[in-house]
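What follows is a short report on a single structure.
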Amino acid sequence: MAVGYLDVFPHPARGGPEAPMAFEGLDFYNVDSHFTDEERMVRDLVRNWTEDNVIPIIEEHCRNATFPMHLVAQLGDLGLLGMNLDGYGCAGMSNVAYGLACQELERGDSGMRSFVSVQGSLCMFPIWKYGTDEQRQKYLPDMATGKLIGCFGLTEPDFGSNPGGLVTKAVDDGDSYVLNGAKMWITNGSIADLAIVWAKLVPPGGTLADGRIHGFIVEKGDAGFTAPQMHGKHSLRASVTSELVFDDVRIPKNRLLPNVSGLRGPFGCLDNARYGIAWGALGAAMACYDSARNYALSRIQFGKPIAGFQLVQNKLAWMLREITKGQLLALHLGRMKDDGSLFPEQISLCKMNNVDIALQIARVARDIHGANGVLDEYPVMRHAANLESVYTYEGTHDIHNLILGRWITGIQAFQ
């Protein structure tokens with residue numbers, strides 16, 4: 001019988017086709033060697049925590065459309081909330097470490113990574129970057145521990161990809177601002193203690209056209225503020241998604257974020273969140289690859305594991321190729337973010353690429369699992385459904401293509 005390459009040089013972590021392995025992560029190009037000891041420590045810590053605390057319960061939460069609130073304090077104890085911010089109780093870790101944490105959280109579920117992303121990148125970051133020191137001292141330490149939960153209100157029922165058209169407005173009324181309007185598709189909204197809300201600040205006697213976009217801190221319990229939860233989702237079921245409704249909500253003037261105006265404010269937050277998504281999507285992709293590979297090695301058809309058929313091997317090889325390219329993109333993006341050399345279009349490319357390949361990998365993984373792939377005994381269908389949302393939020397795939405098109409041509413295609 002002919003001796004094959006893998007008979008002479010067996011995969012170092014394969015352990016035989018008859019038994020699935022514990023998750024070790026896919027690292028075909030030895031990307032691990034480019035991480036610092038601290039970054040590897042963070043990844044391994046979050047990987048083990050996810051394995052022990054998220055994966056055993058997440059399918060039940062997905063079935064019941066509930067978020068595992070008991071894990072929030074643990075996320076704070078791990079230092080994952082606002083972990084790439086300095087001071088005010090935050091961990092001050094590298095952006096690569098933050099990315100690796102997002103990767104491991106999303107391997108568990110997109111809802112877990114979304115919670116951390118919204119808390120840190122979309123709520124803590126604008127307070128840290130655009131707020132006053134008084135605001136930072138008041139909110140950030142308790143947000144870093146998970147004692148306070150935040151959300152981010154930009155998208156509206158009629159304005160998603162075109163946030164500049166938003167109609168939520170704040171009117172200067174002397175000692176306060178009066179806020180009216182509504183926000184839609186808000187992660188954490190119904191469980192949040194505070195919301196960073198972007199609205200047009202209209203001068204006294206002015207119209208909406210006279211307004212300029214500013215950020216406001218709205219607190220749970222402010223009169224006229226409600227956050228009804230949205231139901232009936234087929235995606236991100238283990239995540240809280242809400243509307244935010246403002247009916248003559250009076251916001252004290254010391255809750256305006258004073259150090260930014262215009263779309264530069266919310267876009268700065270979105271760049272940070274999109275960066276985390278670029279890493280998180282790789283976690284979902286690796287979970288689907290791992291499940292497909294283990295299933296293919298253990299599923300016997302026509303007298304041998306289906307992993308022995310060329311069509312299945314081609315699918316697994318394609319998954320490995322795309323994940324590896326995505327890892328290299330994310331790592332280099334993270335290093336550029338840490339040294340301050342990246343620009344927003346680079347984030348767009350990485351977010352759109354990594355989410356796109358993750359969604360495709362989830363679909364191919366479901367195919368490898370056959371009919372079993374639709375069961376929640378396996379994670380692939382849940383990841384596929386979640387990634388449909390991730391493909392859309394924080395800038396749709398098409399919008400990121402237009403962002404790149406503008407960079408290539410210098411021509412704005414949005415208008």
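The values are calculated or read from the model by the stated rules, or taken from the named source; none is laboratory data. Predicted model, so just to flag it, every value in this text is computed and none were measured. Positions of Cβ are generated from backbone atoms using ideal geometry, with glycine treated the same way; all protein chains shown enter the neighbour counts. Ligands, DNA and RNA are stripped out before the accessible areas are found, and what is left, the full protein with its side chains, is counted by its heavy atoms. Shrake-Rupley method; radii C 1.70, N 1.55, O 1.52, S 1.80 Å.
Closer than 30 Å to I403 by Cα, open to solvent by 20 Å² or more (accessible area, probe 1.4 Å) and out of contact with any helix residue (DSSP H, G or I) (no Cβ under 9 Å at 6 or more places or on another chain), is that true of L256?
Taking the combined requirement at face value, the residue satisfies it.
Please go through (1) assigned to a helix (DSSP H, G or I); (2) open to solvent by less than 40 Å² (accessible area, probe 1.4 Å); (3) farther than 23 Å from I306 by Cβ for E322 and return the number of the only condition it doesn't satisfy.
Result: E322 fails condition (3) only.
Here's a check for you: in segment 330-346, which residue that is open to solvent by 60 Å² or more (accessible area, probe 1.4 Å) and part of a helix (DSSP H, G or I) is farthest from V31 (Cα to Cα)?
For segment 330-346, the residue satisfying everything is P344.
Please specify each residue of segment 303-320 satisfying the condition of being without any contact (Cβ under 8 Å) to a residue 12 or more places away in the chain and touching a helix residue (DSSP H, G or I) at 6+ places or on another chain (Cβ under 9 Å).
Residues satisfying the conditions are G308, F309, Q313.
If we keep just the residues of segment 54-63 that are part of a helix (DSSP H, G or I) and either of a type in the set (A, V, I, L, M) or free of Cβ contacts under 8 Å to residues at least 40 places away in the same chain (or both), which is farthest from G189 (Cα to Cα)?
By that ranking, first place goes to P56.
Would you check which residues across segment 349-395 are touching a His at 6+ places or on another chain (Cβ under 7 Å) and not in a helix (DSSP H, G or I) and list them?
Hits for segment 349-395 are Y378, Y391.
Only one residue in I213, I196, I217 is at pLDDT 95 or above, farther than 19 Å from E134 by Cα and either open to solvent by 40 Å² or more (accessible area, probe 1.4 Å) or of a type in the set (V, I, T) (or both). Which one?
Exactly one of I213, I196, I217 is at pLDDT 95 or above, farther than 19 Å from E134 by Cα and either open to solvent by 40 Å² or more (accessible area, probe 1.4 Å) or of a type in the set (V, I, T) (or both), namely I213.
Tell me the residue from T226, T207 that is in contact with a strand residue (DSSP E or B) (Cβ under 8 Å, 6 or more places away or on another chain), over 19 Å from Q119 (Cβ atoms), open to solvent by 20 Å² or more (accessible area, probe 1.4 Å) and of a type in the set (V, I, T), please.
The unique qualifying residue is T226.
Working only within segment 266-297, note down all residues that are more than 19 Å from the chain's Cα centre (by Cα) and either surrounded by fewer than 24 Cβ atoms within 10 Å (Cβ to Cβ) or among the hydrophobic types (A, V, I, L, M, F, W, C) (or both).
The answer is D290, S291, A292, R293, N294, Y295, A296, L297.
Every residue in segment 340-358 that is without any contact (Cβ under 8 Å) to a residue 60 or more places away in the chain and more than 15 Å from the chain's Cα centre (by Cα), please.
Those that are without any contact (Cβ under 8 Å) to a residue 60 or more places away in the chain and more than 15 Å from the chain's Cα centre (by Cα): G340, S341, L342, F343, Q346, L349.
State which residue pairs qualify: first residue on the phi > 0 side of the Ramachandran plot and crowded, with 24+ Cβ neighbours inside 10 Å and inside segment 99-119, second residue aromatic (F, W, Y) and at pLDDT 95 or above in any location, beta carbons under 7 Å apart, and separation of 6 or more residues or different chains.
none
I need every pair where a residue in segment 127-147 that is in contact (Cβ under 8 Å) with a residue 60 or more places away in the chain has its Cβ under 7 Å from the Cβ of a residue that is among the small types (G, A, S) and open to solvent by less than 10 Å² (accessible area, probe 1.4 Å), sequence separation at least 6 or different chains.
Correct list of pairs: Y130/G215; Y130/G265; M143/G82; M143/G150; A144/G82.
It is to be established whether one or more residues within segment 76-87 are at pLDDT 95 or above and in a helix (DSSP H, G or I).
yes
So the check is Cβ under 6 Å with 6+ separation or different chains; which pairs have a first residue in segment 204-228 that's under 12 Å from L179 (Cα atoms) and a second one that's among the polar types (S, T, N, Q)?
Between residues of segment 204-228 that are under 12 Å from L179 (Cα atoms) and residues that are among the polar types (S, T, N, Q), the close pairs are H214/S261.
For S161, are the conditions met, namely being open to solvent by 20 Å² or more (accessible area, probe 1.4 Å), touching a residue at least 60 places away in the same chain (Cβ under 8 Å) and of a type in the set (S, T, N, Q)?
The answer is yes for S161.
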